[in-house]
1. Filter region 76-91 down to the residues that are closer than 10 Å to Gly20 by Cα and not charged (D, E, K, R) and list them by number.
2. Could you please tell me which pairs satisfy a Cβ distance under 9 Å, a separation of 6+ or placement on different chains, a first residue in region 32-43 that is on the phi < 0 side of the Ramachandran plot and without any contact (Cβ under 8 Å) to a residue 60 or more places away in the chain, and a second residue that is of a type in the set (Asp, Glu) and buried (at least 16 other Cβ atoms within 10 Å of the Cβ)?
3. So which residues in region 84-98 are of a type outside the set (A, V, I, L, M, F, W, C) and surrounded by 14 or more Cβ atoms within 10 Å (Cβ to Cβ)?
4. Within region 61-71, work out how many residues are surrounded by fewer than 19 Cβ atoms within 10 Å (Cβ to Cβ), under 22 Å from the mean Cα position of the chain (by Cα) and touching a residue at least 12 places away in the same chain (Cβ under 8 Å).
Amino acid sequence: MERPDPRDALLGRAVVRLSGNIVGLVLGIVGAAIIFISTNWLVIKGGEQVGPHLGLLAQFFVGYRVSFVGSLVGAGYALVIGYVSGRFIAWLYNTIASLRRERRDGS
């Protein structure tokens, strides 16, 4: 019978958990920055029709417009959606990792 390597157990304990708050904040901040920067880029760029494609976000983000104030509204929505998505991703990852760990330790 082959003995398990103690380094595998140490690595398993170190890698298993993701912090939902950290993943959520990172996804939220990145999403908010993307919406804020892209909206303001189009506002500064200007033109006859400013950001018709990005303006479609108003269908999902109530109060969003391709303007500076709209970039703040969109960034707020993106922050919340990114945070909730990050929490879910971390929860899902941690659940799957713990199930795999239990299966490996139980077998």
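1. Step one: list which residues in region 76-91 are closer than 10 Å to Gly20 by Cα, which gives 83-91.
Passing the criteria: Tyr83, Val84, Ser85, Gly86, Phe88, Ile89, Ala90, Trp91.
2. Between residues of region 32-43 that are on the phi < 0 side of the Ramachandran plot and without any contact (Cβ under 8 Å) to a residue 60 or more places away in the chain and residues that are of a type in the set (Asp, Glu) and buried (at least 16 other Cβ atoms within 10 Å of the Cβ), there is no close pair.
3. Within region 84-98, Ser85, Gly86, Arg87, Tyr93, Asn94 qualify.
4. Of the residues in region 61-71, 1 are surrounded by fewer than 19 Cβ atoms within 10 Å (Cβ to Cβ), under 22 Å from the mean Cα position of the chain (by Cα) and touching a residue at least 12 places away in the same chain (Cβ under 8 Å).
To keep it simple, each residue is scored yes or no on (1) at pLDDT 95 or above; (2) surrounded by fewer than 16 Cβ atoms within 10 Å (Cβ to Cβ); (3) in contact with a helix residue (DSSP H, G or I) (Cβ under 8 Å, 6 or more places away or on another chain).
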residue: Val30; (1), (2), (3): yes, yes, yes
residue: Ala33; (1), (2), (3): yes, yes, yes
residue: Asn40; (1), (2), (3): yes, no, yes
residue: Gly46; (1), (2), (3): no, yes, no
residue: Leu57; (1), (2), (3): no, no, yes
residue: Ala78; (1), (2), (3): yes, no, yes
residue: Gly82; (1), (2), (3): yes, no, yes
residue: Arg100; (1), (2), (3): no, yes, no
residue: Ser107; (1), (2), (3): no, yes, no
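The values are calculated or read from the model by the stated rules, or taken from the named source; none is laboratory data. Quick caveat, the model's predicted, so the values are computed rather than measured. Reconstructed Cβ throughout: ideal geometry from the backbone, glycine too, with neighbour counts over all protein chains shown.
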